[in-house]
Ligand SMILES: C[S@@+](CC[C@H](N)C(=O)[O-])C[C@H]1O[C@@H](n2cnc3c(N)ncnc32)[C@H](O)[C@@H]1O
């Protein structure tokens, strides 16, 4: 298990984070707990025009982190806005799914339109189009479908698009909500990492797993 020594000086204070999200409309928060880790890993990019790719945006909370913490970043957000399989198992989340795209548009696209590229669709069809366009990314956040095979596919598709030194963050690496390993990200992440041995450096491994491309 590799965890970062957290440098609290790099972490935005509560008031700053609260301002980023003030007046916005969310059903839940899957982002804030990750901010100390992301800030420690990404602080060197704060003044750079980094290219960020996010697979799985929901209502835009994590995208708003990248847009605010990295003020020169351009962020591509891919989501079919149909929710995940696990959301259908929970009445509260199942009821939120139809509202996610509207919330994303109001929370993210309206205030940050020039720095955000919203692409509505599944990663399996959208990422190959980005590859054809020879797009490259410095930071990738994989938080779409949590099925192992889908996470593996997302990682394999984005890897050629990651610039040297680029960061890939896998959410929910140690998530255990679903019954079988095949329905959770870890198996897919581990299989992918085995396949790219020697091509990456492990940056962080706890609930999330983060690598840097060599
Ligand atoms: C856990 S939510 C993302 C949460 C968001 N990153 C945040 O922290 O606020 C997962 C999202 O992935 C999306 N999703 C599911 N399958 C996908 C796929 N194949 N490609 C892209 N997004 C997908 C769902 O529609 C859902 O909005």
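Numbers below:
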| item | result |
| --- | --- |
| Among 27, 145, 57, residue whose mean-square fluctuation peaks in a GNM of the chain (springs only between Cα atoms under 10 Å) | 27 |
| Estimated 222 nm signal from helices in the chain, with DSSP H stretches of n ≥ 4 weighted -39500 (n - 2.57), rounded to 500 | -10000 deg cm²/dmol |
| Coordinate range along principal axes, alpha carbons of segment 113-214, Å, largest first | 39, 30, 23 |
| Net lengthening on full extension, residue 163/residue 179 (0.36 nm per residue, minus Cα-Cα) | 2.2 nm |
| Convex hull volume per residue for the chain, taking Cα atoms only, in Å³ | 117 Å³ |
| Of all DSSP beta bridges in the chain, antiparallel share, percent nearest 5 | 30 percent |
| Alpha-carbon Rg with Dmax, taken over segment 88-151, Å | 14.3, 41 |
| Cα-only radius of gyration and Dmax that characterise segment 1-95, units Å | 14.7, 42 |
| Packing-based ranking, highest mean first, of 106-114, 14-22 given that Cβ atoms within 10 Å are counted | 106-114, 14-22 |
| Estimated FRET transfer efficiency (residue 47, residue 196; beta-carbon r; R0 25 Å; 0.05) | 0.30 |
| FRET E, pair residue 105, residue 28, Förster distance 22 Å, beta-carbon r, rounded to 0.05 | 0.80 |
| Computed label-point distance, nm, for sites residue 134 and residue 97 using a 7 Å Cα→Cβ extension | 3.9 nm |
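Values in this text are rule-based calculations from the coordinates and carry no lab data. Just so it is clear, the model here is predicted, and its values are computed rather than measured. Glycine gets a Cβ as well: all are built from the backbone with ideal geometry, and neighbour counts include every protein chain shown.
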